[in-house]
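Let me begin by presenting the structure, written as structure tokens, before commenting on it.
The values are calculated or read from the model by the stated rules, or taken from the named source; none is laboratory data. The model shown is predicted, which means the values in this text are computed figures rather than measured ones. Note that each Cβ is placed from the backbone with ideal geometry, even for glycine, and that neighbours are counted across all protein chains shown. When the accessible area is computed, the model is the full protein with side chains, heavy atoms only, and any ligands, DNA or RNA have been set aside. Shrake-Rupley method; radii C 1.70, N 1.55, O 1.52, S 1.80 Å.
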Amino acid sequence: MKIIAFSNGSSYDTSTWSNVPYYFLKALEKSGEEVIRVNIKPFAKVKLINHLLEKLIRIMKLGITYERTGFYNGIVKRKMLKAVKRNPDANLLLTFDFSHSVANETKIKTLLLCDWDIKYLIEKIDRRTPTDKEKRLIEQQSKIIDSADYAVSIFPKAYEEMKKTHKNMHYLGIPVNIDCPDFDIEEAQQSRYQSKRLLFIGKGKYLSCARELEKALKSFNSKNPKQKIYADIIGMDESDTKISSEFITHHGYLNKNKPDEWKTYESLLRGAYFFINTTDNWVGASSILDTAYLGIPCIINPNEDLTETFGGNIDFGYLCNRNSAEKIEEILNEIASLSFDEYKALSNKAHARVKDFTYNNYVRRIIQLISD
């Protein structure tokens with residue numbers, strides 16, 4: 001099968017849409033399919049142009065982002081049509097978003113793969129009413145989704161909402177965005193248990209958790225000087241969090257494409273006692289699953305997508321139903337008192353619950369879907 005894959009950024013770069021195009025297409029090629037990769041981002045080779053245009057749109061206060069302007073979408077459409085013209089024998093057009101498609105201008109099957117649409121983002125995640133401009137964008141995107149042969153959401157709650165208005169919507173599970181084939185979980189468990197280092201992964205939208213975590217660590221460690229717990233933060237540096245603490249180490253954004261940064265990232269995964277993100281409402285489900293796949297238990301705020309996937313009670317970690325230093329400290333007391341056998345059991349459960357969420361399995365489901 002010949003597949004043209006469109007991504008808003010290079011699919012060879014792990015930073016493009018949370019690693020999804022990178023790992024998905026890697027697994028797709030491994031399965032024997034021919035993949036034509038197309039970066040549909042305008043001015044992809046001159047990043048400064050996009051940066052200046054983004055800044056201009058903000059200054060003009062148009063009420064929409066640069067990526068949702070007609071100018072941006074027009075360039076994307078031309079890129080997509082050019083790729084189709086060059087590959088008339090393609091069997092599938094795969095787009096890693098719900099906002100771009102040329103389904104109405106070709107007879108080639110079209111599949112859109114993303115997390116959620118604009119409507120879900122605004123109403124369910126941001127919890128607000130869309131503006132008039134956003135309502136028009138929602139309507140435009142809805143037509144794009146309906147024009148595709150298949151639309152796939154990687155999150156169950158988003159799928160449940162979108163299938164109400166889109167009959168072509170599917171859900172095939174949540175894929176794990178990690179690739180450590182030689183990772184020995186059993187070997188890592190002992191060093192993790194001894195390290196007592198928490199791992200936090202996230203950018204600005206998760207800042208509230210980082211700040212509450214800092215307060216909790218300071219309080220817990222002052223009361224338990226012989227059982228100190230530390231934390232590593234990936235995704236933000238000290239200038240982002242404004243946190244200066246002897247118990248927290250910032251690592252900034254780590255690019256998995258760069259050997260040195262990947263080495264640091266992998267080292268942090270090997271040493272992480274627990275993954276933590278207690279941010280209200282929006283918790284990075286992909287980071288939770290990625291770390292669980294490597295046997296790292298979690299401390300998280302209740303999350304609808306995870307509840308839908310695993311049930312109401314996460315049995316490979318702790319639910320923190322309030323993003324506060326006091327509640328986090330309660331859980332720190334619990335994890336500090338775990339025996340090694342108790343910790344090992346949680347670690348093994350974490351891996352067992354997500355071990356089948358690999359991209360190899362996910363790709364097989366996608367191929368089955370378009371073959372039916």
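Only residues that are hydrophobic (A, V, I, L, M, F, W, C), part of a helix (DSSP H, G or I) and surrounded by fewer than 18 Cβ atoms within 10 Å (Cβ to Cβ) were counted across the range 326-338, and they come to 1. For the residues D290, D341, D315, the requirement of being surrounded by fewer than 21 Cβ atoms within 10 Å (Cβ to Cβ) and either assigned to a helix (DSSP H, G or I) or under 16 Å from the mean Cα position of the chain (by Cα) (or both) singles out D341. Scanning the range 63-102 for residues that are assigned to a loop (DSSP other than H, G, I, E, B), at pLDDT 95 or above and surrounded by fewer than 13 Cβ atoms within 10 Å (Cβ to Cβ) yields P88, D89.
Within the range 188-211, if we keep just the residues that are in contact (Cβ under 8 Å) with a residue 60 or more places away in the chain and either in a loop (DSSP other than H, G, I, E, B) or polar (S, T, N, Q) (or both), the residue that is most open to solvent (accessible area, probe 1.4 Å) turns out to be Q190.
Selection of the range 1-16 for residues being small (G, A, S) and either buried (at least 16 other Cβ atoms within 10 Å of the Cβ) or over 15 Å from the mean Cα position of the chain (by Cα) (or both) yields A5, S7, G9, S10, S11. One residue is enough: does the range 48-62 have a residue meeting the conditions free of Cβ contacts under 8 Å to residues at least 60 places away in the same chain, part of a loop (DSSP other than H, G, I, E, B) and closer than 30 Å to E161 by Cβ? Yes, the conditions are met somewhere in the range 48-62. Would you confirm whether or not the range 17-32 contains a residue that is in contact with a strand residue (DSSP E or B) (Cβ under 6 Å, 6 or more places away or on another chain), open to solvent by 10 Å² or more (accessible area, probe 1.4 Å) and closer than 20 Å to Y362 by Cβ? Yes, the conditions are met somewhere in the range 17-32. Filtering the range 244-262 to residues that are open to solvent by 50 Å² or more (accessible area, probe 1.4 Å) and either of a type in the set (S, T, N, Q) or more than 20 Å from the chain's Cα centre (by Cα) (or both) leaves S244, E246, T249, N257, P259, D260. Of the residues making up the range 346-357, those that are open to solvent by 50 Å² or more (accessible area, probe 1.4 Å) and either in a helix (DSSP H, G or I) or within 16 Å of R211 (Cα to Cα) (or both) are N348, K349, H351, A352, R353.
Where residues in the range 293-312 are assigned to a helix (DSSP H, G or I) and not aliphatic (A, V, I, L, M), which of them is surrounded by the most Cβ atoms within 10 Å (Cβ to Cβ)?
Step one: filter the range 293-312 for residues assigned to a helix (DSSP H, G or I), giving 293, 304-310.
This time we only want the ones that are not aliphatic (A, V, I, L, M), so: 293, 304-305, 307-310.
Values: Y293: 24, E304: 16, D305: 22, T307: 15, E308: 17, T309: 19, F310: 15.
Ranking the candidates gives Y293 first.
Number of residues in the range 224-243 that are open to solvent by 10 Å² or more (accessible area, probe 1.4 Å), farther than 25 Å from N255 by Cβ and not charged (D, E, K, R): the value is 3.
Against the condition under 30 Å from K355 (Cβ atoms), in contact with a helix residue (DSSP H, G or I) (Cβ under 8 Å, 6 or more places away or on another chain) and either part of a helix (DSSP H, G or I) or not polar (S, T, N, Q) (or both), how does P175 come out, does it pass?
So P175 fits the description; yes.
Across the range 131-158, the number of residues qualifying as at pLDDT 95 or above and either open to solvent by less than 60 Å² (accessible area, probe 1.4 Å) or acidic (D, E) (or both) comes to 14.
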